[in-house]
Structure formats: C-alpha cells, structure tokens
Amino acid sequence: MEEPTDLIRSARFRKEREADWLRLEELATKAETQGLRRMSFGEARDLAALYREATTSLAIAREISLDKGLLSYLEALTARAYLSVYAPQESARGVIGRFMRKSGPIAMRKSWFFVLLGFLSMGLGGLAGYLLYFDDPSWFYVLMPGELAGGRSPDATTGYLRSVIYDDDPDASGLGAFATYLFSHNTRIAIFVFGLGVFLCAPAILLTFYNGLIIGVFFALHVDRGLGWDLFGWLSIHGVTELSAICIACGGGIQLGAAVLFPGQSTRAEALRIAGRDAAKLAIVAALMLVAAAFIEGYGRQLIQDRNARLIIGWTIGGLWLMWFVRGGRAQA
Amino acid sequence: MKRQRKAKAPAPAPDPNVLLPPEGVPLHLAVSGMGARFGAQITDILITMIGAIALVVLLAVMNLTSPQTLWAISALLFFIIRIPYYVLTELAWNGQTIGKRMMKIKVVSRDGLSLSAHALVVRNLMKEAEIFLPGTLLLTLDAASPVASLISLGWIVGTIMVPLLNKRRQRLGDMIAGTYVIDLPTPILLKDLAQSVPKPVKDKFVFLSHQLDHYGALELQTLEDLLRAQENRPSMQTNARNKATLDSVIAKIRNKIGYADKVAPADSVAFLRAFYNAQRAHLEQKQLFGERRQDKFHADKAEKD
C-alpha cells in the first residue's frame, strides 16, 4: 500500500502511535479479565509504560486534534488503562492479617477516648438502673422490654431466677443457639449504636445508656434476691465480650457523630471520611467480638454451669481482648 | 471558626465527571446513574441469597439444623456471606462485584489513587446500615406500630435522598470511604476520516484559506458524525432521503463559504470528505497557534473580547 505523505498533522500523530494504543487496549483488557497477577513481567511493564504514553497522547491530542472519534477513543482507552494500572495491590489474606496484627489494635488505641465514652454511657446507664430499682422496684417494668426478660421479673420466685441462670436442660444447643443468639437483642443494639452515631452522636449514646439501664435493673433484681454473684457469673462468661463489643461499637458511632458535629477546619464530608478510618475498624473489632460472644453463648454457657468457672473464663477472654488492644501492633522492642 | 471558614476563597465547583489521576491528565469518567447501581445491587443480593439458600439446604440435608432454628440460621448465613462477598469481590476485581461487572459500572477512588482495602470495607459496611437495615425494616413494616413504621420510612427516604442530593451520587458509605461509582467507558477506535482520502479526489476539490474561515470545531465534528454514518452504513448512499440531506448540507456549505463550482450528485460524499479534510487541517493549524474556534460564531466572540 502506498504511503500518503500529505497527511495533516493530527492524522500523522495518530498514525505514529496507533499500534501502541492497540497494544495497550489489548493489555488493559487482559488485565481486566485475568487480573494483573496472571500477567507476565513484560506485559505488566508494557501496560504501565504504554499507559503513561497514552496519557501523554491524550494531553497532546486535546491540543492538536479536532477528530472527535480519536479524542473519545483516547479518553476511554486511557481511563480503562488507568483503572487497571491503579488497581488494589492487596490480597484478601494480606488485608486480614494486617488488620489482626496491626491496624485493628492501633485504631482502638487511637480512639481510646471515644471507646471510653462508649463504656461510660453503658456504665452510667447500669448504675442509674441499679439505683432506680432499689428506689422503686416497679422501675423494672418500665425499663425492661417484656420479651427480653423471659418471665424474670420482681414477681418471679427466687427459685425460678436461679433455674434460668443454671439451666440444666438446654433445649437448643450448638449452631442453632449460636445463630439465634446473634440475631438477638444485643447484636441489633450494636449495629444500631454504630449506624445511628452518624446521625449525630445522641441516638448512639442514648441507646447504649438505655441498654445499660436494662442491665442495671436486671442486676439489681438479682442482687435483691441474693443471686448477685450467680448472675454476675452468668453474664460474665459471654457478657464481658459482648457488652464490650456494644460499647466499642458505640465508641465508633460517637466518633462518626463527633466528626459531623465538630468538623474543625475541614468540611463535614471530609471530617466524616477521616473519622471513618478508625470508626470502621472499631466496627469490625466489635463484630469480631460479637461473633466470639455468640460462640461462647452457643456452646459455653450451657456446658459450664459452675459459677467460678464462668467467671474465670469470661474475664480471661476479656483480658485477652484487652491484651490484643494494648499490645497488638506495637513495634517489637 | 465561622470567620476562618469564610476567609477561604470559594473553590470553583469541580466537574463531577472528571477524575484526576496521578499523571495529571484529567479523565472524563461519567458518574453512574442510580438505575445501573440499583440493577447491580439487585443482582448481588440475588447471588448472595442463592449462596445462602444453597448452604442452608446443605445443612438441612446433613441434619445439622433443627426446623426451629432454620430461619435464624439462614438469616445468619445471608449476613455472613454478604459482607465478605462485597469486600472481597471489589478487592479482587478492582471495585467491581459480579452485579457491577454485568452493569459495566465500577467503584473508583475520588483522589485518583487506587482503591484501598479500607475504603472498600467502609463503603460495604455502611451499606449494611444504609441499604440492608432499611430493607429489612421495609419487609417487616407493621401496621400495628405506626411509630416504628414512620421511623423506618424516614430512614429509607433519608438514605435514598443522600445520593440524589450530591453530584457524584455518593451514598453515605461512599462519602466516608472517599469513593464513587462510574460507568466503565468502552474504547472504540474509529477510522481516521482524514486518512482515507484518495489523491485524485483531493485535487478535484480545492478550498481557499478564506473559505475555511467560516466554521469552527462544532460544525467540523457534526460533519464528522455525518460522514461516519455514511461510512458505517453503505446502503444509506442509495437512500433517497439521505441523498436529499447530503444535498442540502452541501448547498448550505457552498452558500456559506462561497464555493462556486457545482458538485455532481455522485461526488457528494467525496466533496464533503475533502471539505472535512481541508477544514480540519485549517482549524488544527489555527489551534496550534493558540486560536481555538469553538463554532461558527467565533468571529463575533473575537470582536467582543
């Protein structure tokens, strides 16, 4: 074929580079369908080099060419190549490992203040509930939702209360109990306190406080009947993990709400984005703790009936969590 | 604090469709519409649900579950499959779940860098609070408790409004993660019209410099579309209405630029091609020397300035 020599400038520009663009298109498609990992060294190198060449071509073409077909082609090609060059380079295993080893506990330590607020909301709620009950036991009916109490109210006999704590005849066990539990009250509370935090802090704090109130009156009822330690053991075995999870979720929610309320120098959206870095990690930590608590609830609480064993297991697991938060991710001395 | 914020000069609102990669050449990536995203979401929900149902059936067959707890277990499995599904697919396929692949949309990072694992986790965790929580609420709406219904309705309306109210159609999760969803562009390399002009045709129609001063880029590119349509569908050239269109276009051009010679009906496409070539060369030349002519009113604009 004879070469036309009287081509206009932009057509010559295109003719010189067309082969590279087509090669880039082929490589970008390959990267999209098969993934960068499966490409050979040469192909990956060419992809990066040709992509940068194409960005230059695009910048030049915008200046010198009026060919709409060419401009939109280059635009789309560069975008496709950009998206495959700047792809996440992490593997799922690497991400999970990094979270467990480093970023999870570091985020916990960084947002200690918000976590503390979460624990305070629940703790104060519990104290208020406890005092309210001794002020007037009828507060129990006001604060405690019926379906959660399961017949355990000031009207119940001490013997009944004891039988619930030391349940000799578990009807549902294992996986079923685990699943049922996870969709019980507390998990929903944890999701809500985190989610509601975004809509300004108040709902998260109130909900955690209310949860504390429930525990407070419930505890007071048992103390009143001389079952305080037994209930403490019953709650400890999974509650240390579970209630901490709710408080941590609340801390994450408060952190998001605080970013919306007090964005400082940045815009609200920007502040929310920055706060989200740690808050999301708090949510994941809380989720892990809830799953762990569900396992303990599903298998442990029915199997272990001894009060002291329950106390030891519950608080040991709590101590392990604390150790993870305090020690995890620190540079080895 | 208020004073400080006012002191800052208001930045010009950036075009939501432009993404700036680290190379510094802005790319036009159209923000994806709500329809495509909704479609992708439905597909993904169906996929995860089928996965959960398959597992529940497996558990039931293996007698690992009792009928009383079946409902709780299936809800749990749906939940447990769902969250890692979104995060891991978007991590592995660079911001695309299976549903997004089908709808040809993709998550990108607003800062132009690659998506981080953190961003993907955040946007999908928030999806729980934004989509699935109101979704389940919607399914469990109960006429008996009007307050709960109103709250959940308000929530649903709120979460749907958020993406409609900002230009990049970001959900709350997108805002926290610093991401948004784009339509994936498809590169199609069309033939260069200026390249395929036979030499004898070029000599047949000659345009003088002053004849090319009338039009700008807009008219040139409109002509380009017309010519590409002729090229793509050769059958059109025998169509009577198409012929009439071409004739009227040629008459307009000849009238505007003062081209005296008659153009034979058989040569109409060839004439337009030659004119396109000459006009493009002329405009590109002008552009190189710093004079961008947007459209045929360029002369009026130049006078005003």
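The values are calculated or read from the model by the stated rules, or taken from the named source; none is laboratory data. Model, not experiment: these values are computed from the prediction. Cβ coordinates were reconstructed from backbone atoms using ideal geometry, including for glycine residues, and neighbour counts include every protein chain displayed. Only protein heavy atoms, including side chains, enter the accessible area calculation; ligands, DNA and RNA are left aside. Shrake-Rupley method; radii C 1.70, N 1.55, O 1.52, S 1.80 Å.
For the reader, a short list of remarks on this structure follows.
- Checking each residue in the range B:88-98 for being more than 8 Å from every other protein chain (Cβ to nearest Cβ), crowded, with 17+ Cβ neighbours inside 10 Å and part of a helix (DSSP H, G or I) picks out B:THR89, B:GLU90.
Residue-by-condition table, conditions (1) outside any helix (DSSP H, G or I); (2) at pLDDT below 90; (3) under 42 Å from the mean Cα position of the chain (by Cα):
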residue: A:LEU22; (1), (2), (3): no, no, no
residue: A:GLU25; (1), (2), (3): no, no, yes
residue: A:ARG37; (1), (2), (3): no, yes, yes
residue: A:ALA61; (1), (2), (3): no, no, no
residue: A:THR78; (1), (2), (3): no, no, yes
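- With respect to the conditions (1) more than 21 Å from the chain's Cα centre (by Cα); (2) assigned to a helix (DSSP H, G or I), A:PRO263 falls short on a single one, namely (2).
- Considering B:VAL147, B:VAL201, B:VAL197, the condition of being open to solvent by 60 Å² or more (accessible area, probe 1.4 Å) and either of a type outside the set (Val, Ile, Thr) or at pLDDT below 85 (or both) is satisfied by B:VAL147 alone.
- Looking across B:ILE81, B:ILE50, B:ILE42, one residue alone is open to solvent by 40 Å² or more (accessible area, probe 1.4 Å), free of Cβ contacts under 8 Å to residues at least 24 places away in the same chain and β-branched (Val, Ile, Thr). It is B:ILE50.
- Residue check, A:ASP278 away from chain B (no Cβ under 14 Å) and either farther than 26 Å from A:SER103 by Cα or assigned to a helix (DSSP H, G or I) (or both): no
- Filtering A:VAL240, A:VAL217, A:VAL223 for residues that are part of a helix (DSSP H, G or I), modelled with pLDDT under 85 and either outside the structural domain of A:TYR133 (by TED's automatic domain parsing) or crowded, with 24+ Cβ neighbours inside 10 Å (or both) leaves a single hit, A:VAL217.
- Cβ-Cβ contacts under 6 Å between residues 6 or more apart (or on different chains), taken from a first residue in the range A:7-33 that is within 7 Å of chain B (Cβ to nearest Cβ) to a second residue that is surrounded by fewer than 19 Cβ atoms within 10 Å (Cβ to Cβ) and part of a helix (DSSP H, G or I), are listed as A:SER10/A:ILE64.
- With respect to being part of a helix (DSSP H, G or I) and either more than 14 Å from every other protein chain (Cβ to nearest Cβ) or modelled with pLDDT under 75 (or both), A:LEU207 falls outside the description.
- Selection status of A:ILE304, at pLDDT 80 or above, surrounded by fewer than 20 Cβ atoms within 10 Å (Cβ to Cβ) and β-branched (Val, Ile, Thr): no
- From A:ILE284, A:ILE296, residue being open to solvent by less than 50 Å² (accessible area, probe 1.4 Å) and farther than 23 Å from A:ASP230 by Cα: A:ILE284
- Test: residue in the range A:54-61 that is open to solvent by less than 40 Å² (accessible area, probe 1.4 Å), in contact with a Lys or Arg (Cβ under 9 Å, 6 or more places away or on another chain), of a type in the set (A, V, I, L, M) and outside the structural domain of A:LYS281 (by TED's automatic domain parsing): yes
- Residues in the range A:39-53 that are more than 7 Å from chain B (Cβ to nearest Cβ), open to solvent by 50 Å² or more (accessible area, probe 1.4 Å) and not hydroxyl-bearing (Ser, Thr, Tyr): A:PHE41, A:ARG45, A:ALA49, A:GLU53.
- The lone criterion from (1) open to solvent by less than 40 Å² (accessible area, probe 1.4 Å); (2) aliphatic (A, V, I, L, M); (3) facing another protein chain (nearest Cβ under 10 Å) left unmet by A:LEU36 is number (1).
- Considering residues of the range A:80-93 that are part of a helix (DSSP H, G or I) and either over 17 Å from the mean Cα position of the chain (by Cα) or among the basic types (Lys, Arg) (or both) only, the residue modelled with the lowest pLDDT: A:ARG93
- Among residues that are within 14 Å of another protein chain (Cβ to nearest Cβ) and either part of a helix (DSSP H, G or I) or farther than 29 Å from B:GLN170 by Cβ (or both), A:LEU256 is included.
- Residue check for B:LEU125: facing chain A (nearest Cβ under 8 Å), farther than 30 Å from A:LEU66 by Cβ and surrounded by fewer than 22 Cβ atoms within 10 Å (Cβ to Cβ): no
- Some residue of the range A:104-123 being of a type in the set (Phe, Trp, Tyr), touching a residue at least 40 places away in the same chain (Cβ under 8 Å) and more than 30 Å from B:ARG228 (Cβ to Cβ): yes
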